[in-house]
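These notes are about the structure you will find just below.
The values are calculated or read from the model by the stated rules, or taken from the named source; none is laboratory data. The model shown is predicted, which means the values in this text are computed figures rather than measured ones. As a convention, Cβ positions derive from the backbone with ideal geometry for all residues, glycine included, and neighbour counts pool all protein chains shown.
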Amino acid sequence: MKESPYWNPRHETMPRAQIEALQTRKLKNLVAWADASVPWQSKRLRAAGVTADSIKSLADLRRIPMMTRDEWMQGQLDQPPYGPILAAPPEAAIRYHLTSGTTGRTPIQVLDSMKDWEWIAEMWCYGFWGFGVRPVDTVFFAFSYGTFVGFWGAHYACEKLGTLVLAGGNMTTEARVKQILNMKATVVCSTPTYALRMAQEAKTMGVDLAGSAVKRLILSGEPAGSIPATKRLIEEEWGAKAADTAGMTEVGTIMVFECERQPGGTHIIEDHYIEEVVNPDTGEPVPYGELGERLITSFGRGFIPVLRYRTRDLVVRVPASGCPCGRTFDLYEGGIRGRVDDMKLVRGTNVYPRAVEAIVREFKEIDEFRIHLYTADERQDEIEVLIEIPDPKADESRILKELGKSLAEAHEGLRFGVQKVAAGTLPRFELKAKRLQDDRIVIGTAGERRVPA
């Protein structure tokens with residue numbers, strides 16, 4: 001078979017010095033474009049003393065102001081509908097997308113040009129080819145095909161690769177499972193949560209997914225794709241290998257992917273992005289091996305220049321040498337670890353939803369769960385985990401006791417209430433799961449009582 005352009009030794013095995021030189025050249029071009037085409041960006045750059053001519057090395061990146069989601073949303077409110085960040089007239093767009101899961105006011109609205117769309121598909125090709133997907137595969141997308149960018153780019157990437165593409169939009173979970181089986185799909189793309197949901201449905205239908213033709217699952221949309229216990233459970237249920245990816249609507253497409261060697265982390269596509277890891281409080285860079293917030297500078301967009309965008313994602317960057325695949329693209333060990341704003345403080349203890357899920361998924365008898373925060377007697381914050389155990393033969397008392405103990409041990413002795421609820425009580429998710437419900441009472445400055453937004 002002819003070698004694919006999506007294994008690109010010229011870039012993917014490039015020495016670090018050459019990668020940085022390539023990024024510096026692209027950064028100069030990006031700054032020049034933003035300065036000439038987007039007055040809002042030009043004002044920010046020039047106020048910081050940054051022009052294309054001033055970019056001499058990658059170190060000059062840190063002189064560029066960071067951009068936040070709040071700024072992006074406020075810009076849309078001030079200058080609806082798209083804000084002041086477009087580098088091309090709206091009539092040049094061929095795609096419109098909304099972010100998912102945005103808290104606060106309005107989702108971010110994004111336009112894509114043909115240039116964006118070709119590049120978006122290309123980035124997904126890096127990830128699919130890197131995980132072993134080939135033209136002979138049949139790829140099923142368990143995806144709604146709505147305004148969330150999600151797997152849209154992946155769909156077109158698979159067409160570029162030459163696979164048979166099955167679009168699973170507007171289908172029930174049962175219908176999706178049937179089509180995966182009937183069409184002998186070899187690759188399935190979904191969120192981690194929905195991969196488990198399809199496995200649950202298959203059991204109800206009396207179907208053995210582990211005996212199907214599926215050999216690979218491409219996961220995206222949630223940090224759970226890199227949680228070892230969740231990933232292991234998905235692989236056991238499907239009898240297939242699972243790979244994590246991560247992308248953002250604002251940036252356009254995936255930025256990281258897990259290769260076929262599965263080194264326990266995701267490669268950064270460094271010939272198309274600059275990714276920094278900084279202290280979320282100070283903005284100062286953190287070294288390899290330390291947890292920090294990722295900033296993204298994106299080179300592929302044709303509609304919106306993206307420079308040092310604060311993702312609020314928490315990551316641990318490690319050298320490319322941690323993977324034997326030969327790529328010189330650095331890794332995020334453990335993928336996306338969570339979000340800066342995901343952390344909840346409960347009676348002086350930090351609680352991260354990812355850490356809770358990692359423990360819950362060690363118990364295979366649990367189908368679904370929810371983290372519930374509330375205030376007891378209007379005085380003390382409490383946390384409980386609601387779980388579903390559909391198998392009537394499961395030892396429920398043992399599971400409740402051991403789960404509560406494991407959660408407390410992992411959270412400095414914080415007591416978690418663990419409650420079993422009836423099967424089917426908790427919500428199911430196709431896209432990003434929202435398993436944390438915060439009903440704690442907050443006392444406002446004027447003495448008013450409310451629950452967190």
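A few points about this structure:
- Qualifying residue in the stretch 259-271 (condition: within 27 Å of residue 384 (Cα to Cα), surrounded by fewer than 18 Cβ atoms within 10 Å (Cβ to Cβ) and of a type outside the set (A, V, I, L, M, F, W, C)): no
- Looking only at the stretch 171-189, and only at residues there that are assigned to a loop (DSSP other than H, G, I, E, B) and in contact (Cβ under 8 Å) with a residue 12 or more places away in the chain, the one that is surrounded by the most Cβ atoms within 10 Å (Cβ to Cβ): 185
- In the condition set (1) in contact (Cβ under 8 Å) with a residue 60 or more places away in the chain; (2) closer than 24 Å to residue 339 by Cα; (3) surrounded by fewer than 18 Cβ atoms within 10 Å (Cβ to Cβ), residue 364 is compliant with all but (2).
- Residue in the stretch 257-275 that is assigned to a loop (DSSP other than H, G, I, E, B), small (Gly, Ala, Ser), in contact (Cβ under 8 Å) with a residue 24 or more places away in the chain and on the phi > 0 side of the Ramachandran plot present: yes
- Within the stretch 146-161, considering residues that are in contact with a Phe, Trp or Tyr (Cβ under 7 Å, 6 or more places away or on another chain) and part of a loop (DSSP other than H, G, I, E, B), the one surrounded by the most Cβ atoms within 10 Å (Cβ to Cβ): 151
- Where strands (runs of 3 or more DSSP E) fall entirely within the stretch 337-453, those with at least 3 residues that are at pLDDT 90 or above and either within 30 Å of residue 171 (Cα to Cα) or not acidic (Asp, Glu) (or both) are at 369-376, 380-388, 417-421.
- Screening the candidates 41, 79, 74, 109 for the property of being within 24 Å of the chain's Cα centre (by Cα) and over 29 Å from residue 430 (Cβ atoms) yields one hit, 74.
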